[in-house]
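Heads up: the structure comes next, in structure tokens.
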Amino acid sequence: MDPTSGATESLWMDTVEPVSYPPLTDDARTHVCVIGAGIAGITTAYLLARAGKAVVVIDNGPVGGGQTGRTTAHISNALDDRYSQIAKLFGDDGARRAAESHTAAIQRIEAIAELEDIDCDFERLDGFLFLHEGGKREILDDELEATHLAGLADTGLFARAPLDSFDTGVALRFPRQAQFHPLKYLNGLARAITRDGGRIYCGTRAKDIEDGVPCKVTTADGHTITAEDVVVATNSPVNDWMVMHTKQAPYRTYVVGLRVPAGSIPHMLLWDTGDPYHYVRVHPADRPGADYEVLIVGGEDHKTGQAQNTDERFTRLENWARQRFPMAQDVIYRWSGQVLEPVDAMAFIGKNPGSDEHVYIATGDSGNGITHGTVAGILLTDLITGTENPWADLYDPSRITFRSATDYARENLNVAEQYSTWITPGDVGSVEEIPNDSGAVIRRGMRKIAVYRDASGNISKCSAVCTHLYCIVDWNDTEKTWDCPCHGSRFDPYGKVVNGPAITDLEALPD
Ligand SMILES: Cc1cc2nc3c(=O)[nH]c(=O)nc-3n(C[C@H](O)[C@H](O)[C@H](O)COP(=O)(O)OP(=O)(O)OC[C@H]3O[C@@H](n4cnc5c(N)ncnc54)[C@H](O)[C@@H]3O)c2cc1C
Ligand code: FES
């Protein structure tokens, strides 16, 4: 298993060869070291290189091996948390800047794809927000008004989304949204970075990040990158131990891809208003001569490490899709991924909170991580090059949004409750009860042990104590990973860290 992935494979991973660069084998010096080669890190590195900065990008795995390889890539200014909510939290001016920044991100992706001649299936299309079963019409009325106040003058209510297969009922249209193939786009940007003199090192994990003049990034292999500035774009920041992880919460989200006859569903983005909500789009099959397309349906989110029977979520998504799209044939993809939900709806992009002067972060992507990642590229490039940017305080990671205090308290209470698993029994009583290619936590006296039995029956054991802030990890049978219910760190079956905030592996234990 790739260190930044999981066991399932997305449509994007299946249709594009991962682009990887050799690891860093020596010390390096640069203007800016970017950690993480997802949409946030790669866009930032690209724009910095265009601005004349020397950049070094490092990533644990290949380019796009994190959540960007698992997205559904709606490129949208229809924000998850809704403008009505954003206006309550940040005022009308904040909602306006949110709309402006996400609209600018869509335009920037389009402009970059054109300028760099990146064939990434970029397509402009409309998006429609419609009511979930039992949803009240006022949700859409309020959102219509809020989008107009936020400056999105072209949104409007329609009797239904323009689909034949099912009646969405009244729907709020967001015009000029977009979609693309995220890995084709990232790979094109990576090529442009290296063309512009930037260096990318894959298979290179940041182990220690030190602010200063200069900053120092130490890799797991013991090499040092000396840089004037560092950008931590690791999705969940691996440089921050506590502060940022109290402001956002990790959620798993699920996707099915069903084969549909080519042209049978008009291309558009769809979201319902449920909580969790469903998100839908169609993508070409990406196979020469194929007469089908892929209907992509996502949803069924839950807090990371806090749900069993994750596979049932795929079945529920499939049923939901089949009821609405009867032309759907077989399920050809099933994958899941992780999103970080900020307690106050907006991503955190800017200087790392505390005393750091030259370390920047981009996190709190929510379900709008493609545009948030692109906003990060634009904003961080401005901050690093000393250019004023009107979005800076909206995304400032140090901000305190008093109006989100209830969500803040709820999420952190939930984290506190997870520590109770230190005293509960194990998932199973003995190693013998664990089926092949599966894992379970067992109790041995005071210890909790994460035990994995591989497909051939071989056993490996590590401590079940997360190396971030010591919660007990939980087995994710869909992705074959150990997931931490507190702040979303994830580890492969053998305890190797897959996802921050943890930066070190689970402690390996003898058999
Ligand atoms: C199923 C799903 C559907 C989604 N749908 C949408 C959508 O339709 N529209 C939308 O806008 N957003 C969507 N999102 C969200 C969006 O895809 C993500 O927010 C976004 O891709 C995150 O990009 P990133 O660059 O922050 O992180 P990532 O893509 O995860 O990149 C972070 C990188 O950092 C690397 N890394 C981590 N730790 C280290 C370390 N210590 N050293 C070196 N490298 C490290 C990882 O290997 C990884 O490659 C979705 C997400 C999921 C999971
Ligand atoms: S991720 Fe914070 S304790 Fe595990």
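The values are calculated or read from the model by the stated rules, or taken from the named source; none is laboratory data. Keep in mind the model is a prediction, meaning the values are calculated, not measured. So basically every Cβ, Gly included, is an ideal-geometry build from the backbone, and we count neighbours across all protein chains shown.
Pairs are defined by a Cβ separation below 7 Å, a sequence spacing of at least 6 or placement on different chains, a first member in the range 131-145 that is polar (S, T, N, Q) and assigned to a loop (DSSP other than H, G, I, E, B), and a second member that is crowded, with 17+ Cβ neighbours inside 10 Å and modelled with pLDDT under 95; no pair meets this definition. Of all residue pairs spaced 6 or more apart or on separate chains, none has beta-carbon atoms under 7 Å together with a first member in the range 410-427 that is over 16 Å from residue 250 (Cβ atoms) and assigned to a helix (DSSP H, G or I) and a second member that is among the small types (Gly, Ala, Ser) and modelled with pLDDT under 75. Scanning the range 443-477 for residues that are at positive phi and either within 16 Å of ligand 2 (Cβ to nearest atom) or assigned to a strand (DSSP E or B) (or both) yields one hit, 470.
In the range 470-493, is there at least one residue being among the polar types (S, T, N, Q) and more than 16 Å from ligand 1 (Cβ to nearest atom)? Quick ask: steps written out before the conclusion?
Filtering the range 470-493 for residues among the polar types (S, T, N, Q) gives 476, 478, 481, 489.
If we keep only those that are more than 16 Å from ligand 1 (Cβ to nearest atom) as well, we get none.
No, the conditions are met nowhere in the range 470-493.
Within the range 30-86, if we keep just the residues that are of a type in the set (D, E, K, R) and near ligand 1 (Cβ under 6 Å from one of its atoms), the residue that is farthest from residue 145 (Cα to Cα) turns out to be 59.
Taking the residues in the range 481-494 that are in contact with a Ser or Thr (Cβ under 8 Å, 6 or more places away or on another chain) and part of a loop (DSSP other than H, G, I, E, B) as candidates, determine which candidate is surrounded by the most Cβ atoms within 10 Å (Cβ to Cβ). Even if it seems obvious, please write down each step before you answer.
At the first step, the residues of the range 481-494 found to be in contact with a Ser or Thr (Cβ under 8 Å, 6 or more places away or on another chain) are 483-485, 487-494.
Add one more test, that the residue is part of a loop (DSSP other than H, G, I, E, B), and what stays is 484-485, 487-489, 492-494.
Working: 484: 29, 485: 23, 487: 27, 488: 27, 489: 31, 492: 23, 493: 22, 494: 16.
Once the filter is applied, the top-ranked residue is 489.
Taking into account only those residues within the range 319-356 that are part of a loop (DSSP other than H, G, I, E, B) and over 26 Å from the mean Cα position of the chain (by Cα), which is nearest to residue 162 (Cα to Cα)? So, considering only residues that are part of a loop (DSSP other than H, G, I, E, B) and over 26 Å from the mean Cα position of the chain (by Cα), the one nearest to residue 162 (Cα to Cα) is 325. Exactly one residue out of 174, 180, 158 is more than 29 Å from residue 120 (Cα to Cα) and either surrounded by 19 or more Cβ atoms within 10 Å (Cβ to Cβ) or at pLDDT 95 or above (or both): that is 158.
Looking at the structure I just gave you, is residue 191 more than 21 Å from the chain's Cα centre (by Cα), of a type outside the set (A, V, I, L, M, F, W, C) and within 29 Å of residue 77 (Cα to Cα)? Taking the combined requirement at face value, the residue satisfies it.
Checking residue 410 against (1) closer than 30 Å to residue 89 by Cα; (2) surrounded by fewer than 17 Cβ atoms within 10 Å (Cβ to Cβ); (3) touching a Phe, Trp or Tyr at 6+ places or on another chain (Cβ under 9 Å), only one condition comes out false. Which one? That leaves (3) as the condition not met.
Quick check on residue 295: is it under 17 Å from residue 163 (Cβ atoms) and free of Cβ contacts under 8 Å to residues at least 40 places away in the same chain? It would help to see each step written out before you state the result.
On the way: under 17 Å from residue 163 (Cβ atoms): yes; free of Cβ contacts under 8 Å to residues at least 40 places away in the same chain: yes.
In short, yes.
Residue under question is residue 58, and the condition is that it be modelled with pLDDT of 95 or more and either within 16 Å of ligand 2 (Cβ to nearest atom) or within 16 Å of residue 372 (Cβ to Cβ) (or both); does it hold?
Criteria not met by residue 58.
The listed residues are 68, 25, and the only one of them that is touching a Pro at 6+ places or on another chain (Cβ under 6 Å), at pLDDT 95 or above and of a type outside the set (Asp, Glu) turns out to be 68.
Just wondering, is there one or more residues in the range 51-69 that are surrounded by fewer than 24 Cβ atoms within 10 Å (Cβ to Cβ), among the basic types (Lys, Arg) and closer than 22 Å to residue 227 by Cα? Within the range 51-69, one or more residues are surrounded by fewer than 24 Cβ atoms within 10 Å (Cβ to Cβ), among the basic types (Lys, Arg) and closer than 22 Å to residue 227 by Cα. Taking the listed residues 381, 374, the one that is within 14 Å of ligand 1 (Cβ to nearest atom), outside any loop (DSSP other than H, G, I, E, B) and polar (S, T, N, Q) is 374, with no other qualifying. Residues that are part of a loop (DSSP other than H, G, I, E, B), at pLDDT 95 or above, within 26 Å of residue 197 (Cα to Cα) and within 15 Å of ligand 1 (Cβ to nearest atom) are absent from the range 1-13 altogether.
Flag: residue 48 does not match the condition of being more than 16 Å from ligand 2 (Cβ to nearest atom) and farther than 22 Å from residue 188 by Cα.
For the range 149-168, what are the residues that are free of Cβ contacts under 8 Å to residues at least 60 places away in the same chain and closer than 13 Å to residue 77 by Cα? Before you say what the answer is, go through the steps one by one.
Residues of the range 149-168 free of Cβ contacts under 8 Å to residues at least 60 places away in the same chain: 151, 153-160, 164, 167.
If the condition is that a residue be free of Cβ contacts under 8 Å to residues at least 60 places away in the same chain and closer than 13 Å to residue 77 by Cα, then 151, 153, 154, 155 are the ones that fit.
Of the residues in the range 233-251, at least one is part of a loop (DSSP other than H, G, I, E, B), surrounded by fewer than 21 Cβ atoms within 10 Å (Cβ to Cβ), modelled with pLDDT under 95 and not aliphatic (A, V, I, L, M).
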